[in-house]
Every structure is written in structure tokens, then in C-alpha cells.
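The values are calculated or read from the model by the stated rules, or taken from the named source; none is laboratory data. Keep in mind that what you see is a predicted model, and the values were worked out from it rather than measured. No Cβ is skipped: glycine too gets one built from the backbone with ideal geometry, and neighbour counts run over all protein chains shown. Protein only, heavy atoms only, side chains kept; ligands, DNA and RNA dropped before computing areas. Shrake-Rupley method; radii C 1.70, N 1.55, O 1.52, S 1.80 Å.
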Amino acid sequence: MATAGKVIKCRAAVAWEPNAPLVIEEIEVGPPQEGEIRIKIVASSLCHTEIFHLFEGKDKRGFPTVLGHEGAGVVESVGPGVTDFKPGDKVIPVSVAQCGECRFCKSPKTNVCDRNWINYHVDLMSYPTTRFTCRGRPILQFTNTGTFSEYIVINRIYVVKIQDDAPLDRVCLLGCGISTGYGAAVNTAGVTPGSVCAVFGLGAVGLAAVMGCKNAGASRIFAVDINEQKFEKAKVFGATDFLNPKAYNKPISEVLAELTSGGVDFSLECVGNTEVSRAALESCIKGWGVSVLVGYTDVDFSARPIQLISGKTWKGTLLGGFKIKDSLPKLVNDYMTGKIMLDEFITHKMDLEQINDAINLMKTGQCIRCILNISK
């Protein structure tokens, strides 16, 4: 392409500081270096992690930054040493790496990668080195991606090549939330046929967890949320029972225990709230109950040891346990063949210039997923 090897000027939504509206700016995106790929982002979704970083996170070192980490696009150019991608490839950039060489990547037990940015720079929510500049200042790429920009540069270990006929404004959802919730059920929890499950929180991640429980063969799926307007959508993904914790004068764990003769086999916390995490664990049946922490937060949490001594398992998940290069192309194909849903998560579509409207919808719980048209 004519732009290969050159600096590209393009639009991006820049978060200059926390608790402030994003600003549409013209930024400069440098050419890819050794092992890197420059991608033209076609579409991106908005995830609650952006809301957390912008309004709830306490570390201001992660600014200025370009948010966005659920994007999809087309390879514009590749840097030296990149042989597995070429200009024109459809791709999904992901915040989780798969280098294929470290001891974690070589193990079937985990999708953690030793080279992942989160191991070293969680305070910034980004690598400190960036190919973005604006007004003479370096601009971070949120979670190493920064998909609220028309172009990004990212190391090849974070990029997944997908089939040519995949719609980028749908499969971008697989870059984080949907894969996380779905995989939390089918991989991390290991939901079994005939089991009873409870999903706490019915945002996109929780709804994806409901879908995972259903596809794994659960016989009963409790959808738990304080917003009862979400119950109808949860039914679409396979939920069978619906509970609003505020409707009871007892802990929701006691309600679930009464409804299931002791507790659910699997519970998934998809909120990122430590009190909900504890309630999800306490909702599991003793002896074999499994509870998975899916929602992100960075504060301390606790539980009574007897909960684990009694035979319950409490575990967490990163991107639903999926190794990105091995699994995301399969998930794209599962969508293309009707095995998983994506369209049903999308409640709004907007242009990049409407990013602050989209943030307000997400912040106030009025949307599940908003697809942003990034490149004109």
C-alpha cells in the first residue's frame, strides 16, 4: 500500500485525562517496527473496561490514551520479520497475547502468555512505548490496542487472522467481552450437561456466559441482575430463571440454595464487584460447586475459608481461557455457522464522532454493545 513505511495521520478519540469527555483528534501513527503490524480499524465496540479506566480507575498514569480494545480491521502494512500476515488480511487485534514460545503458551492448562503487557504495565493499562503521537505528545494505546483510532500498530503476537468473509462489525465483539463470558462457562467453569448454573450480571459478558452455559448443556440457568429489564434479553441467550436480589429480604445465595436443593453447580460473576463475587461463591453447592470470577476489578476481596474447605472451587478467567490464535478463528467460524450469537448483543451503532454518547449509554446501562464505525 502507498502508506507503507510512512507516518499516517488519522482520526482517533483521545482520552486526555480521567473523568473527562474523549476528544476527536488528528493523531500520527508511526510505521510498524520489528514484529509489528499496522492495522486499519474498521469497527470497534465499547466495553465496560473502558468505563472502568475512564471513571473508576485510580491510576492517572494511564493517560493520555486512546481507548478501545474490541476492534477488527484490515492489515495495512507489516514490519520486518512478520511473515504470517500480509496487507489486506482481515484481523482481530486482542489485548491478550499468544507468543507460542513461552512455557505458558506451550501448556494446554492456560491462555496466559509471559510476554503479555499486563504482566509488566498494569498500572498504565498499556505498554509505555507507543506508535501514537498527538500535539507532540506520545499517546498510550489502551490495553495495547487502542481501537478508537483509524489505525493502530501492534505486535503480531496479539493479532489473529480471520476468514475473508467475516463481517468486521460483528466479529470485533470477539476481541474481549463475548469470548470472555462464553469461555468462562465452556472452558474455565467447564459447565457440564444437565447442570444448574447461575450468572450474576447481565451485561454483554454475562449474556455470553448464559450462552455458554446453554451451549454446554446446562438444564437450568439462573440470570441474576438488579435490572429486570435485562431478563428478556437473557432469555434469548438461554436463561431459564430470573432473579432480582433486591426483590428478596434474604441473601441471594440463600434464595438460590432454596431453589436448587443446596446451591448451583456453577456460578459466574460477570459484574466486577467483590460483594457479588462472594455471593456467587456462596451460591454454589458444597462438595463440587465451581464459581468463576469473570468481571474485572482491582480491589481486595474475601470469603470465609469454610466455603472452600467444604469442597467448592473459586477461580478466575482471562479472555475465557481462549488461546487467541488457536481459538478465535474457530469462534469466528462458529458465528458464521450459527453456533454462537453475536448480532443479538448489538443494541446501538454509531460513528466515532459519537463516542461520548456511546460512553454515556454504557455508563448508564442503556446498551449491551454499541458498534462504532471507525474508518470512513
*In whole angstrom, note down how far apart the Cα centers of the stretch 16-70 and the stretch 161-195 are.*
23
*Do you know the relative contact order of the chain, to the nearest whole percent, from alpha carbon pairs under 8 angstrom that are 6+ apart?*
18
_Per-selection metrics, the stretch 181-317 (Cα): Rg and Dmax in Å_ = 13.0, 37
_Residues whose placed amide H lies under 5 Å from that of residue 202, excluding near-sequence neighbours_ = none
*Per residue, in Å², the accessible surface of the chain once ligands and nucleic acids are set aside, probe 1.4 Å*: 42
*Fraction of accessible area attributable to carbon and sulfur, the chain (%, probe 1.4 Å)*: 51
*Distance in nm between label sites at residue 353 and residue 61, each 7 Å beyond Cα in the beta-carbon direction?*
3.8
*How high is the relative contact order of the stretch 75-214, in percent, counting Cα pairs under 8 Å that sit 6 or more residues apart?*
21
*asked:* Can you say what percent of the DSSP beta bridges in the chain, counting only those with both residues inside, are antiparallel? Round to 5.
replied: 55
*Within 10 Å, count the other beta carbons around each residue, average over each peptide in 64-73, 274-283, and list them highest first.*
64-73, 274-283
*Relative contact order for the stretch 181-317 using alpha-carbon pairs under 8 Å, separation at least 6, rounded to a whole percent?*
23
*Which residues does a label at residue 246 reach in the stretch 178-216, if reach means a backbone N under 15 Å from a point 7 Å past the Cα toward the Cβ?*
201-202
*Tell me what the chain gives for mean residue ellipticity at 222 nm when only DSSP H runs of n ≥ 4 count, each as -39,500 (n - 2.57), the sum divided by the residue total, rounded to 500 deg cm²/dmol.*
-5500 deg cm²/dmol
*Label-point gap, in nm, between residue 7 and residue 123 - each point 7 angstrom along Cα→Cβ*: 2.9
_For the chain, set up a GNM with springs between Cα atoms under 10 Å and report which of 155, 144, 19 has the largest fluctuation._
19
